[in-house]
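The values are calculated or read from the model by the stated rules, or taken from the named source; none is laboratory data. Note that the structure is a prediction, hence the values are computed from the model and not measured. Cβ coordinates were reconstructed from backbone atoms using ideal geometry, including for glycine residues, and neighbour counts include every protein chain displayed. Side chains are part of the model used for accessible areas, which takes the heavy atoms of the whole protein and leaves out ligands, DNA and RNA. Shrake-Rupley method; radii C 1.70, N 1.55, O 1.52, S 1.80 Å.
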Amino acid sequence: MLQTLKNYAISLFAFTLGRLFYWYGLLRYGKVMPPGKVINVDPSTIVKSLEFTFFIRKRLFYCSGLILGGDWDQTNYTVYKLHSGLFQSFIDRYNRNIPFHESKRFKENRSAEYYENRYTPIYESIKKEGFSIKRGVLDTVDKFTVCIGRNGEVFFLTGKHRLAIALSLGDGFKIPAFVCCRHKIWQEFRDHIWDLKKRGEITDDEIVQMDHPDLMDLVDQSYSDAEIKNRMFSRKQEI
């Protein structure tokens with residue numbers, strides 16, 4: 001009970017802090033994404049991790065929509081080096097039908113039976129219906145969160161099991177991700193693209209062809225998800 005109340009207090013604090021940062025951001029930047037809004041990330045593009053940083057130590061992963069400068073995005077930690085065994089054991093189980101306890105890469109603290117009972121129903125649900133997320137203010141579920149560096153690189157922060165499931169599902173599955181933080185330089189780039197669009201110097205098609213999930217909120221809402229996906233797919237085919 002005490003731990004639940006503590007989690008609620010942290011979530012409420014993060015909710016409030018996120019909105020304070022959002023209002024502050026509106027005064028400094030042109031196109032700030034509201035806290036709590038998600039982007040759809042291709043799991044294969046997530047390479048680096050920020051798990052051993054102040055984002056974790058200070059529990060900032062509860063927040064959403066922060067804009068920070070500095071060198072926090074200059075890291076050499078890779079998510080695959082940290083969790084390759086977990087990812088491979090999920091791929092073995094769901095792509096190759098090798099049980100968790102028989103996978104040579106399964107080295108988790110909990111038992112293979114726990115993973116089977118816990119994650120197989122989740123895998124089946126996601127495979128059938130796609131990813132879903134909870135948006136409640138006091139939601140204490142371990143959300144899938146990322147940060148975006150100065151050059152637009154997407155960094156993993158929390159949700160390694162969701163990432164493992166997404167990787168085992170293969171191409172075509174995107175993960176709805178909360179953006180904990182954007183680098184100040186990347187936010188300024190978003191603002192620049194937004195200014196170009198307002199002046200008519202860049203089109204929605206050209207923004208979509210940039211193929212970055214954190215720019216899709218700049219595209220006119222008359223574009224459907226299917227249209228965006230088709231344009232992104234066409235560009236990949238050309239490449």
Item checked: Residue, surrounded by the most Cβ atoms within 10 Å (Cβ to Cβ), within the range 26-58, restricted to residues that are touching a residue at least 60 places away in the same chain (Cβ under 8 Å), part of a helix (DSSP H, G or I) and over 12 Å from the mean Cα position of the chain (by Cα) -> Phe55
Check: Which condition number does Phe61 fail, the rest of (1) part of a helix (DSSP H, G or I); (2) closer than 30 Å to Phe21 by Cα; (3) at pLDDT 90 or above; (4) of a type outside the set (Val, Ile, Thr) being met?
Finding: (3)
Check: Are there any helices (runs of 4 or more DSSP H) wholly within the range 94-209 with 2 or more residues that are touching a residue at least 60 places away in the same chain (Cβ under 8 Å), buried (at least 18 other Cβ atoms within 10 Å of the Cβ) and under 23 Å from the mean Cα position of the chain (by Cα), and if so which?
Finding: 160-169, 184-198
Check: Among the residues of the range 81-89, is any within 29 Å of Asp191 (Cβ to Cβ), open to solvent by 20 Å² or more (accessible area, probe 1.4 Å) and modelled with pLDDT under 90?
Finding: no
